[in-house]
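Enquirer: Following this message is one structure expressed as structure tokens.
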């Protein structure tokens with residue numbers, strides 16, 4: 001999988017891509033379909049061997065990379081994490097998945113602690129980049145926090161299957177892009193893996209701050225490399241049109257943070 005993604009990155013660079021995000025837990029299977037401590041061995045430090053390998057590739061290609069990996073902070077302290085690497089190969093930081101599901105086929109609490117780094121936004125060669133991982137997308141608060149922190153594009157790397165959330169896939173991210181006035185890259189696994197019978201439905205896409213898919217969505221059944229041109233000037237157009245951030249009423253939202 002590491003070799004395959006290196007090849008995808010090179011192919012994307014040849015097509016002019018300046019930023020790329022891989023799928024959730026990109027370098028192996030989505031092992032959360034089962035509960036097996038053998039998969040703890042997939043975890044590594046961040047930065048660590050995989051991130052450092054792709055730092056070199058990012059510098060070679062001049063491409064910003066978002067790398068969703070399994071992080072071990074220390075033995076027994078594990079996170080679902082995405083590292084962000086700038087186009088010159090510098091490690092900029094990481095986001096840890098905040099909301100951890102534990103339902104049939106997604107036994108993530110067996111493997112991950114909830115993230116504790118907040119909602120960082122990274123200044124990169126392509127602008128201000130944020131990350132929100134898979135199940136996080138069901139929670140609007142994090143989308144808004146990323147917007148308040150200055151995100152211009154947010155990547156949501158995912159491993160999500162047809163029977164559970166397909167009806168939400170084309171609703172939540174476009175709505176979040178409109179409400180928060182930024183671009184979203186929604187990346188999903190595709191196909192059936194050996195660990196279960198879940199059908200990951202692909203259909204990856206970019207959506208703009210007007211809620212429009214950029215040149216359609218990806219295939220629902222076959223893996224593919226998607227490269228899209230994003231008109232970043234649209235951010236200014238939309239933010240001048242709607243004053244959502246000006247008209248927020250945080251003084252009225254206190255009850256939302258009451259357990």
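The values are calculated or read from the model by the stated rules, or taken from the named source; none is laboratory data. Small disclaimer: the values here were computed from a predicted structure and weren't measured. Cβ: placed from backbone, ideal geometry, glycine included. Neighbour counts: every protein chain shown.
Enquirer: With respect to the numbered conditions (1) out of contact with any strand residue (DSSP E or B) (no Cβ under 7 Å at 6 or more places or on another chain); (2) in a loop (DSSP other than H, G, I, E, B); (3) farther than 25 Å from residue 5 by Cβ, which one is the sole condition not fulfilled by residue 150?
Expert: Against the list (1) out of contact with any strand residue (DSSP E or B) (no Cβ under 7 Å at 6 or more places or on another chain); (2) in a loop (DSSP other than H, G, I, E, B); (3) farther than 25 Å from residue 5 by Cβ, residue 150 comes up short only on (1).
Enquirer: When you look at residue 40, is it modelled with pLDDT of 95 or more and either outside any strand (DSSP E or B) or touching a helix residue (DSSP H, G or I) at 6+ places or on another chain (Cβ under 6 Å) (or both), yes or no?
Expert: Yes; evaluated as a whole, the condition is true for this residue.
Enquirer: Out of segment 219-242, which residues are touching a strand residue (DSSP E or B) at 6+ places or on another chain (Cβ under 6 Å) and either under 20 Å from residue 166 (Cα atoms) or touching a residue at least 60 places away in the same chain (Cβ under 8 Å) (or both)?
Expert: 220, 223, 230
Quick grid of which residues meet (1) over 27 Å from residue 181 (Cβ atoms); (2) without any contact (Cβ under 8 Å) to a residue 40 or more places away in the chain; (3) part of a loop (DSSP other than H, G, I, E, B):
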residue	(1), (2), (3)
56	yes, yes, no
59	yes, yes, no
79	yes, yes, no
92	no, yes, no
100	yes, yes, yes
136	no, yes, no
143	no, yes, no
155	no, no, no
167	no, yes, no
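Enquirer: Select from segment 177-218 the residues that are touching a strand residue (DSSP E or B) at 6+ places or on another chain (Cβ under 9 Å) and assigned to a helix (DSSP H, G or I) and list them in ascending order.
Expert: 177, 178, 180
Enquirer: So which of 185, 191, 218 is farther than 16 Å from residue 154 by Cα and buried (at least 18 other Cβ atoms within 10 Å of the Cβ)?
Expert: 218
Enquirer: Any idea which of 114, 174 is in a helix (DSSP H, G or I) and over 12 Å from the mean Cα position of the chain (by Cα)?
Expert: So the residue among 114, 174 that is in a helix (DSSP H, G or I) and over 12 Å from the mean Cα position of the chain (by Cα) is 174.
Enquirer: What residue, of 27, 40, is surrounded by fewer than 22 Cβ atoms within 10 Å (Cβ to Cβ), touching a residue at least 24 places away in the same chain (Cβ under 8 Å), under 14 Å from residue 82 (Cβ atoms) and out of contact with any strand residue (DSSP E or B) (no Cβ under 6 Å at 6 or more places or on another chain)?
Expert: 27
Enquirer: Take segment 157-178 and flag every residue that is in contact with a helix residue (DSSP H, G or I) (Cβ under 7 Å, 6 or more places away or on another chain) and surrounded by fewer than 21 Cβ atoms within 10 Å (Cβ to Cβ).
Expert: Selection gives 172 alone.
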